[in-house]
Amino acid sequence: MTDYITKIRTTSGDKQMDYNALANLPQALKSPNKLTFTGAVDGEYDGSEEVTVNIPVSGGTDWTFFSQTPCRLSGSSIGSVRLVSSGTCDYRIYSDTVKDMDSTARTLHWMTEDHTNGCYKFTVTIGDNPPSSWYQIFFSMKFTGLEVGKAYKLYVDTTGLTPDSTGAGMHFGRFLLASVVNGSKSDLIISTTEVDHARLNSWQFVATTPDVLLEYYAGKEISELVSGYQVRFKDLYINSADAESGHTPIFNQSGTFTGELQFPEYTDKLHYESTPACSVYYSEAKSKLFTINGQEPDASGNIEIPVSRLQSRTMACFGDSITGDFQPPVDYPSVVAKLTGLQVYNLGMGGCRMSQHSDQYYDAFSMYRLADAVATGDFTLQEAAVGHTTNYAANRVATLKSIDWTKVDYVTLLFGTNDIQGGMPLDNADDPKDVTAYLGAARYSLETLWSRYPHLRILLLTPIYRYWDNERVDSDEKMFGNKHFYEYGNVLLQLAKDYKTPALDLYYTLGINKYNRGQYFPIGDGTHPNDLGRTLLGEKIAGKLLSEF
């Protein structure tokens, strides 16, 4: 048993008290030199020396003191209950209700019933003609012989039925209670109400007709109610509101404990008795109705829902100025991060290529050089290029060196526009890994990265559409040597097939063309997408990642 400890010491005649999670422990000063403890333990301190008092687990930040026994505990926000004693206690916990009216006749709507495992289990069975709304999926039951004007209580017993008790998805459901006139449902007595905790739930009402109808629904949204969805409870019944305590209680538990006894599943409106008297504490309720992949709500009732299955994984984006000239949060890697939950590093560098660059400093940031640096951990070339290339080169080198590549999951490569405009050959048939050629450098980069980090998932991205304002020509028409711009993308797609790695055709599927280019590029710049264009680019890449990985 874990103990909370409080130390009490005197300092220059004044008592100094250091507490450890005892915010709710009842205390009282009886005299200037005496501190009396009440509640979990009894004792006195006369101020003569430093002492340590061990308190059984009892209050703290998670538990609130309610009362000494005997008492009756009730409340909608109560989760667990804990009894605490300084010694050994005989206890009894019981309800003051008795089941004197129930109905086993159920009318099922889109549901089937099973009572073979000790509780009622209703399973949604949607056929070929599904209902249009969740409230069409329910079962109903009629209670008869009520005395008009008399107070009754409706009991919904879900004690012990939590999501942990079954592998099937479940809610405790929602219900309504209505009067019955001429055999049909009439005025509502209890409006649609959600059963939100596993316990003996109760609601009081006054009968206005001899018969009442209970309708019990399995969920709140039609999207939840696929075939196989289940709602479970132990029983539903109505009892007289003034049932005498001498009647057999529905809930009755007794025994002996020493120190403390916890009831993790609270049942509402119970009596607590013990000999000798002990302290009763409760914790705030935390609904177990809704879970996400088994995750329960926090103390505030919230669940942090993952953005996607990629959340908390890591990706590095290599590329040229289309990637690198824009910084978070306006670069397309930031759009990818927002949509996928990935931690994304922008490693793009303006002016660089997939293949070899004629300028030694820009060449240090070509992809084949970066692949060498990542594989070896040697960034000497990149450090030497700082100050000779873009103004953010130092930041890129620092980021490259800080990354633990064993923990990077995904890599994207978006190069080509500078290779094409720089006149670099498409391929070298005599040397497949000729880094002076676009495809040769791509092959070299892939194999170099995988030789050191075979776990990397690499997505190849084709060059995007371009427009040259000064020439009034676009990449559909303009040729470099004897090659069209889009041919570099076409061969990259085939390369991806050869290496069995995913690729995304940004040229033909991004959605930018000669008719709408003004929406996605700034005036006078047909190379670097504007905010809207980078958002489109990030959305496209995020969709590919979510579909492929």
Query raised in the report: What is the Cα centroid distance between region 528-544 and region 366-434, reported in whole angstrom?
Result: 22
Query - Ranking of 199, 313 by count of other Cβ atoms within 10 Å, fewest first - result: 313, 199
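Can you sort 339, 537 by how many other beta carbons sit within 10 Å, fewest first?
339, 537
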Report task. Would you mind checking 99/234; 153/234; 478/544; 433/500; 407/544 for any pair whose Cα atoms are more than 19 angstrom apart? Result -> 478/544; 407/544
Query raised in the report: Taking the Cβ-Cβ separation of residue 343 and residue 391 as r and a Förster radius of 30 Å, what is the calculated FRET efficiency to the nearest 0.05?
Result: 0.75
Query raised in the report: FRET efficiency for residue 469 and residue 148, Cβ-Cβ distance as r, R0 = 60 Å, nearest 0.05?
Result: 0.10
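Work out the FRET efficiency for residue 428 and residue 523 from their Cβ-Cβ distance, taking R0 = 56 Å, and round it to the nearest 0.05.
According to the calculation, E is roughly 0.90.
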Report summary line: The simple spin-label model distance between residue 254 and residue 133, using points 7 Å out along Cα→Cβ, in nm, is 5.1
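Using Cβ counts within 10 Å as a stand-in for footprinting exposure, how do 541, 190 rank, fewest first?
Exposure proxy ranking, most exposed first: 190, 541.
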Requested in this report: Give the Debye-formula value of log10 I(q)/I(0) at each listed q (0.14 Å⁻¹), with one equal scatterer per alpha carbon of region 314-548, two decimals each.
Outcome: -0.86
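Every number here is computed from the coordinates shown, using simple stated rules; none is lab data. Because the structure is predicted, anything quoted here is derived from the model rather than measured. Glycine gets a Cβ as well: all are built from the backbone with ideal geometry, and neighbour counts include every protein chain shown.
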